[in-house]
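Asker: The structure's right below; bear with me while I get my questions together.
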Amino acid sequence: MPRRNQLWTNIDWLTVFIYLVLVFLGWINIYAAVYDAEHQSIFDISQRYGKQLLWIGAALLIAFAILLIETNFYVFFSYAIYGAVILLLVFVLFAGNEVNNSKSWIAIGGFAIQPAEFGKFATALALAKYMSTFGFKLQRFWSLVIIGFIIFFPAALILLQNDTGSALVYFVFVLVLYREGLSGVVLFFATLIGLMFILSLVLSELVLFALLSGLALLTFFVVRAGTKHFFKVLLFFAGAFILLAAVNYLARLGYQVEHVLAGMILLGGVGIIAYSMHNKLKSYTLIALVFMGSVLFSLTVDYAFDNLLEPYQQARINELLGIESDPLGVGYNVNQSKIAIGSGGFWGKGFLNGTQTKFNFVPEQSTDFIFCTVGEEWGFAGTLVVVLLFLTLFVRLIFLAERQRSGFSRIYGYSVAVILFFHFMVNIGMTIGMMPVIGIPLPFFSYGGSSLWAFTILLFIFLRLDASRLDHLSN
Amino acid sequence: MDTFSKRGYLIIGIFVLTGIIFIAGLFRLQVLDPTYKVFATNNVLREIVQYPARGLIYDRNGNLLVHNKPAYDLLVTPREVAEFDTTYLCNLLEITLDDFKGRLDAAREYSRYKPSIIVKQISPETYAVLQERLYRFRGFHTQSRTLREYKYPAAAHVLGYVGEVNQSDLKEDSYYSQGDYIGVSGIEKTYEKWLRGEKGIKKFLVDVHNRIQGSFLNGEEDTHATVGNNLTTSIDIELQLYAEKLMENKIGSVVAIEPSTGEILALVSAPSYHPGMLVGRVRGANYSRLLADTLKPLFNRALQAEYPPGSTFKMLNTLIALQEGTINLHTRFSCDGPESRPIRCTHYHVSPLGVVDAIRESCNPFLWNTFRSIINHGETAADGFNHWKEYVESFGLGSRLGTDLVNENNGNVPSEDYYNRYYGAGRWNALTVRSLSIGQGELGITPLQLANYSAAIANRGYYYVPHAVKNIEGEVISNRYRTKVETAISPEHFEPIIDGMQMVVENTNASVFMRIPGLTMCGKTGTVQNPHGKDHAAFMAFAPRENPQIAISVYVENSGYGSTFAAPIASLLVEKYLNREIAESRTWVETRMLEMDLLNRNQSR
């Protein structure tokens, strides 16, 4: 069959090669992480590395099977697969097994699978299917609602399982939407919100609002330097400040300076908007809105942080932002992880010579903290190779996605790239203390059948789509 | 149709930027920042200290004085502790439940991961029982230490004791770590560096639960403990024991020196204590008890008490005058006994009299005239005085001798400034400071200095800095103890003085107490005026007259005349040291001295 032969020549072997290398590296690092002198055989299936070998074998079979299936299958059954996974996610809420405080496992015989892992590729399929429908327009309100539903319904179910990390992954689809035409403003505001979130927690309110006030004035000044409009802006702010301060003082309300400043931005902002609408100064309206929004958001974050987050979540975020340091408590994991990686030096301590990982100083070292073993035993040389391998993979995937003829394949390809990237970013960022401790696996590396299979399926569906990119898909 | 394909570059940009940030972060963490390597080592290495046995201490004849006995510390790693039978453990260790809980809390506060000592110095007997049941107490383990043990209940003030290092020790010497032992006083302190040996360190790899996983690098980096060097002291333990026995129930001190070497043969500060009292778990309680004792047993009188030398000082004034030529062997001064002025004599005797008789009679007027001749020899009184002071100091008086025993006192020889301040410059003369002529007034001398002064006379003009250690295994003692210190008096001036001293022992009313059959001892009594109560008795002596083997000083506080209290004790010690036994004819002296109880105020004297 000529088409079969074409399949094997059209597969992107570079991606397959990187995949195989990463899986292999993951496996030997798992071996090193749980290695002990009593169980030396790398094939001992009572040990994690033995089991991982089984998962790898199964994953390769799955990958092979995926490649054999006709491309149209994935297009046709996108929604069905999505539906099935949603059912699993609902099912696990009622009948799941609790591990590490999250109810996310389904035990089948001796094995346990984690439906949340499979939610990612299913969502990617559904999203690709929906967005590649003929006549689809992203800018339509209902389109956005449906996209929001497709993405966040599984995320919400996963959140209900108390698996925050896996749920956060779904936010990364915003990058796909951006690629498909979502306004850059959304991305800008998403970044702004993230920045404000961090600043609200790190900076004291006084510094934050003083900074915002200064920044607002500066922006107004830069946009319309030396005009009477800027002078008016000054008047609005000064008036608002004097008014609020006077009221606060006379009525003995007892607000601090930072709150008067916040009020000044809000009240002055209202005045500026009224003024700029009247004078048709669109930019001033926009700036005023951005800064008013920032103040409101920051106030909300403070409130939400204090009142809505669980103490352990607050602690993890605080630890990351360096607000509270508790190396033997909440920060223990990250601290030990940094010690393990840092102690590797340039060339590492050598295979199986890691002391931090071998003697269990690093928790979860074969799953979420597998990167520690790389860092300790292979040093900077090893971590550099791994990071570069991942980067090559991601860039290659974007390249592959861009060469697709069908929207379905492209959207799915982007989804694969950004999902893998998100795991990479959060996982490695966590182990070196640049991200909060969010328990998500490092793709292809971390121990665990579900995640390996899920990532394999995710990747190989795209490779299959890519291999037949020249064929006409049915839509 | 695809208007947004450029946006792929932004996404690639995000990927690459993240990658660069990670690589930079990893480079900093792994290559630039060394702190994590240190943390890693601290994480996995448990260093188990191998404590060496302290060096043994022998007396001059090779008798073992101090050795070591095993003791055990109980350590706890709070993190590993599981529930256990506290009552049983407390009973076994003989501590209260509250005390034990307090210690456990303290250990927990120190560190939950690192072991800390919870009970120190458990006896081998208790340890034997504990060791068998230790498996029931998870998180507890023992380590072996050694404690000092003393063969003789003697020489506490020479040997000193060993205690735990304090904060300043830790700061001063990085060798020590918390909980280590260190010599606190005596030769244990002076010779700490030799006695302590060298700690060894065994490195083990531990896992996160602090369980030992094996040796580190197959023990390549382990160091073995080196046993401390043995010391041979100059102490003659028999003499020491005998001296302590004689000083029982008395307050005072004995210092005996071998004049030809400066080696301290015996050093007693009475009352003393059993050195074993300051060892092990009882040390704290015993130490406070000794500290609270009104007789101050911890106070080392032999080195730290300062008394006016009294009449023992008369030889020195005479020697200075002879050396200066302000008197000679034909000089005679008259004495009117207690009617003499400006200084009375204690009794009537032949008058006028020369050097030899003046020493024998301890004649105050003779010494006043002699002293005046020295002071007046100078252009001014101050001039003469300063000249006199130089001579006095050449005998090691007025400043620390620099022995190897710690906390020695300076003694006191007043300075010109002192008198200038007191009387005004040029407004004092020999008469003003006349009490110096008979060893009273501002003079202060320690028993060690008195013994050394005696040795200098015995040597006819030189001494060696007194020291208590004869040799250190494998090493000679410091040069300073092997260097002759010359006094400013020429040898020929000593003979007439020594004649007088011999006559003190053989030809006075008190000779019955101190004359030793078959031995020529030369000595001098002193009675130290004591404004607070009964006078202190002092006696210095050396023997035999030719080729002296022992020089000695004895102080007995609040007893009265030197001749009746201090001299007999000194003579018994000299006899014991030189003859190894007390002659039959003198056992009554021995009995009298042994039975004398100066602490019991009701006993008649």
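Bear in mind that the values in this text are calculations on the coordinates, not laboratory data. Everything numeric in this text was worked out from a predicted model, so none of it was measured. Positions of Cβ are backbone-derived with ideal geometry, glycine not excepted, and every protein chain shown enters the neighbour counts.
Asker: Could you give the Stokes-Einstein D for the stretch B:215-270 in µm² per second, using the C-alpha Kirkwood radius, 10 °C, 1.306 mPa s?
Answerer: Numbers: Rh = 14.5 Å.
Estimated via Stokes-Einstein, D reaches 110 µm²/s.
Asker: On a straight-distance basis, which lysines could pair with A:K349 in a cross-link, Cα separation under 24 angstrom, same-chain partners fewer than 8 positions away excluded?
Answerer: Those lysines meeting the cut-off are A:K338, A:K358, B:K37, B:K202, B:K203.
Asker: Show me, for the stretch B:528-540, the HN-Hα J-couplings you get by feeding each phi into the Karplus relation (A = 6.51, B = -1.76, C = 1.60, θ = phi - 60°), rounded to Hz, glycine and proline as x.
Answerer: 9, 4, 10, x, 8, x, 4, 4, 8, 8, 10, 8, 10
Asker: I need the P(r) histogram for chain A: all alpha carbon pairs, bin width 20 Å from 0 out to the longest distance, whole percents.
Answerer: Going from the shortest bin to the longest, the percentages are 21, 47, 27, 5, 0.
Asker: Ok, one more. Roughly how many Å is it from the Cα centre of the stretch A:358-409 to that of the stretch B:152-204, as a whole number?
Answerer: 56
Asker: Taking amide H positions as placed 1.01 Å from N in the peptide plane, with prolines and chain starts having none, which residues 5 or more places from A:G439, or on another chain, fall under 5 Å of its amide H?
Answerer: A:G165
Asker: At 222 nm, what helix-only mean residue ellipticity would chain A give, in deg cm²/dmol to the nearest 500, using -39500 (n - 2.57) for each DSSP H run of four or more? Don't skip to the end; give the middle numbers.
Answerer: Values: 18 runs with 334 residues, N = 475.
Calculated at 222 nm, the ellipticity per residue is -24000 deg cm²/dmol.
Asker: Under 25 Å from the Cα of B:K576, which lysines turn up, not counting those fewer than eight places away in the same chain?
Answerer: B:K151, B:K245, B:K250, B:K470, B:K524
Asker: Then there's this: What spacing in nm lies between the two simple spin-label points modelled at B:K69 and A:A84, each 7 Å away from Cα in the Cβ direction?
Answerer: 8.1
Asker: Right, another one. Between B:N91 and A:V222, what is the spin-label point distance in nm, taking each point 7 Å from the Cα along the Cα→C-beta axis?
Answerer: 8.0
Asker: Need one word for the stretch A:192-308: rounded, prolate or oblate. Basis is the Cα gyration tensor (sqrt eigenvalues a ≥ b ≥ c); a/c below 1.5 gives rounded, then a/b vs b/c decides. Working shown, then result.
Answerer: Values: a/c = 2.13, a/b = 1.32, b/c = 1.62.
Cα axes put the stretch A:192-308 in the oblate bin.
Asker: Compute the FRET efficiency between A:W347 and B:V16 as 1/(1 + (r/R0)^6), taking r as their Cβ-Cβ distance and R0 = 25 Å, and round to the nearest 0.05.
Answerer: Details: r = 25 Å, r/R0 = 1.02.
Calculated transfer efficiency: 0.45.
Asker: Just to confirm my numbers, what's the Cα centroid distance between the stretch A:126-186 and the stretch B:557-586 in Å?
Answerer: 109
Asker: Turning to a different aspect of this structure: How well do other chains shield peptide B:154-161, expressed as the mean number of their Cβ atoms within 10 Å of each residue Cβ? Mind showing how you got there, number by number?
Answerer: Details: counts 0, 0, 0, 0, 0, 0, 0, 0.
Per residue, the average neighbour count from other chains is 0.
Asker: Next question, about the same structure. Report the residues of the stretch A:419-438 in range of a label on B:Y9: point 7 Å along Cα→C-beta, backbone N strictly under 18 Å from it.
Answerer: Output list for this probe position: empty.
Asker: Next question, about the same structure. Could you put B:K576, A:K282, B:K470 in order, starting from the residue whose Cβ has the fewest other Cβ atoms within 10 Å? Walk me through the numbers before you get to the answer.
Answerer: Working: B:K576 22, A:K282 9, B:K470 19.
Listed from fewest to most nearby Cβ atoms, that is A:K282, B:K470, B:K576.
Asker: Taking the Cβ-Cβ separation of B:V129 and B:L599 as r and a Förster radius of 56 Å, what is the calculated FRET efficiency to the nearest 0.05?
Answerer: Details: r = 42 Å, r/R0 = 0.75.
The value I calculate is 0.85.
Asker: What is the mean number of Cβ atoms from other protein chains located within 10 Å of the Cβ atom of each residue in peptide B:31-38, rounded to a whole number? Walk me through the numbers on the way to the answer.
Answerer: Details: counts 8, 2, 2, 3, 4, 11, 5, 3.
Mean shielding by partner chains, rounded to a whole number: 5.
Asker: For labels at B:E495 and B:K101 in the simple 7 Å Cα→Cβ model, what's the distance in nm?
Answerer: About 8.4 nm, to one decimal.
Asker: Would you mind checking which residues have amide H under 5 Å from B:G197's amide H? H placed 1.01 Å from N; only 5 or more apart, or other chain.
Answerer: Residues meeting the criterion, in which the H sits 1.01 Å from N, are B:G55, B:G228, B:N229.
Asker: Which angle from 0 to 90°, rounded to the nearest 10, does the C-alpha axis of helix B:364-377 make with the longest principal axis of chain B?
Answerer: 80
Asker: Could you work out how far the C-alpha centroid of the stretch A:49-66 sits from that of the stretch B:486-509, in angstrom?
Answerer: The stretch A:49-66 and the stretch B:486-509 have Cα centres separated by 108 Å.
Asker: Related question: Quick one: angle between helix B:314-324 and the longest Cα principal axis of chain B, in degrees between 0 and 90, rounded to 10, please.
Answerer: For B:314-324 against chain B, the angle is about 80 degrees.
Asker: What do you get for the angle between helix B:566-579 and the principal long axis of chain B? Use alpha-carbon atoms, 0 to 90 degrees, nearest ten.
Answerer: The helix B:566-579 is inclined about 70 degrees to chain B.
Asker: Still on this model: Where Rh is the Kirkwood radius over the Cα pairs of the protein assembly as shown, the temperature 10 °C and the viscosity 1.306 mPa s, what D in µm²/s does Stokes-Einstein return? Intermediate values should be presented prior to the final figure.
Answerer: Numbers: Rh = 38.1 Å.
The diffusion coefficient I find is 42 µm²/s.
Asker: Under the definition of Cα pairs under 8 Å and six or more residues apart, what whole-number percent is the relative contact order of chain B? Don't skip to the answer; put the middle values down first.
Answerer: Values: 1251 pairs, mean separation 82.9, N = 605.
It rounds to 14 percent for chain B.
Asker: Which lysines, if any, have their Cα less than 29 Å from the Cα of A:K120, not counting same-chain residues under 8 positions apart?
Answerer: Within reach: A:K51, A:K103, A:K129, A:K137, B:K6.
Asker: Would you mind calculating the relative contact order of the stretch A:192-308 from Cα pairs under 8 angstrom and at least 6 residues apart, reporting the percent as a whole number?
Answerer: On the way: 93 pairs, mean separation 41.9, N = 117.
Reported relative contact order: 36 percent.
Asker: What list of ³J(HN,Hα) couplings, whole Hz, do you get for the stretch B:179-189 from phi and the Karplus terms 6.51, -1.76, 1.60, once you set θ to phi - 60° and write x for glycine and proline?
Answerer: My calculation for the stretch B:179-189 gives x, 6, 9, 8, x, 9, 8, x, 6, 4, 7 Hz in order.
Asker: What is the sum of charges around B:R580, taking Lys and Arg as +1, Asp and Glu as -1, for the other residues whose C-beta is under 13 Å from the C-beta of B:R580? All intermediate terms of the calculation are to be shown ahead of the outcome.
Answerer: Numbers: positive: B:K576; negative: B:D236, B:E238, B:E575, B:E581.
Its environment carries a net charge of -3.
Asker: Would you list the membrane-span-like helices of chain A, meaning whole DSSP H runs whose alpha-carbon atoms span at least 18 Å along their axis and whose mean Kyte-Doolittle value is at least 1.0?
Answerer: On the way: long enough: A:13-34 (31 Å, 2.08); A:48-68 (30 Å, 1.50); A:71-95 (34 Å, 2.04); A:115-131 (24 Å, 0.52); A:141-160 (27 Å, 2.65); A:184-202 (27 Å, 2.65); A:205-223 (26 Å, 2.41); A:228-250 (32 Å, 1.60); A:257-278 (31 Å, 1.42); A:282-307 (37 Å, 0.96); A:370-402 (37 Å, 1.74); A:407-431 (36 Å, 1.18); A:449-467 (26 Å, 1.49).
Helices passing the filter in chain A: A:13-34, A:48-68, A:71-95, A:141-160, A:184-202, A:205-223, A:228-250, A:257-278, A:370-402, A:407-431, A:449-467.
Asker: While we're here: Determine, from the Cβ-Cβ distance of A:F188 and B:Y110 and an R0 of 60 Å, the FRET efficiency 1/(1 + (r/R0)^6), rounded to the nearest 0.05.
Answerer: Details: r = 52 Å, r/R0 = 0.87.
So, using R0 = 60 Å, E works out to roughly 0.70.
Asker: Per residue of B:3-10, what is the mean number of Cβ atoms on other protein chains within 10 angstrom of that residue's Cβ? Walk me through the intermediate numbers first.
Answerer: Working: counts 1, 6, 4, 1, 9, 9, 2, 5.
That average works out to 5.
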